[in-house]
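The values are calculated or read from the model by the stated rules, or taken from the named source; none is laboratory data. Bear in mind the structure is a predicted one, so any value in this text is a computation, not a measurement. Quick reminder, even Gly has a Cβ in these numbers, built from the backbone with ideal geometry, and neighbours come from all protein chains shown.
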Amino acid sequence: MKLAVAALEASGYTPEFMESGGGADANVFNAAGTALASNDDWGTPVGTGAATAAQLSAAFTQVGAFALQVRRDSAMIITLRPGSYTAKVSGFQGATGVGLVEIYEMP
């Protein structure tokens, strides 16, 4: 199953993460707790095979999600087998506030 995952500061939605100069970091873990994917800035994807900013914008538009706006937010496209997974959002460098995780199944 191919998924679009975003971790957003709920400001940009609210100012909570912004006050500490951060953004939202996203991580996806399998049932054993092994990190499968992470991102801390959707505008600058890192890692082999990571989706580009243009690909992420197109994917989120395709599934009817909110447009990605704040470049410090996190987003990724990940393919997973059926099973149990955890998506975790945290504030950049320990910032606290209100966050939102969105997960969409890609066609």
inquiry  = For the stretch 49-69, give me each residue that is in a loop (DSSP other than H, G, I, E, B) and either touching a Ser or Thr at 6+ places or on another chain (Cβ under 7 Å) or loosely packed, with under 10 Cβ neighbours inside 10 Å (or both).
reply    = Gly49, Gly64, Ala67, Leu68
query = What do you reckon, is Val46 surrounded by fewer than 17 Cβ atoms within 10 Å (Cβ to Cβ) and at pLDDT below 80?
reply = yes
request  = Could you grab me the full set of residues in the stretch 28-43 that are within 12 Å of the chain's Cα centre (by Cα) and either part of a loop (DSSP other than H, G, I, E, B) or over 16 Å from Thr79 (Cβ atoms) (or both)?
outcome  = Asp40, Asp41, Trp42, Gly43
inquiry  = Which condition from (1) within 12 Å of Glu102 (Cβ to Cβ); (2) at pLDDT below 85 is the one that Ala26 breaks?
reply    = (2)
query = Which one is nearest to the chain's Cα centre (by Cα) among residues in the stretch 65-98 that are of a type in the set (Gly, Ala, Ser) and farther than 13 Å from Val5 by Cα?
reply = Ser90
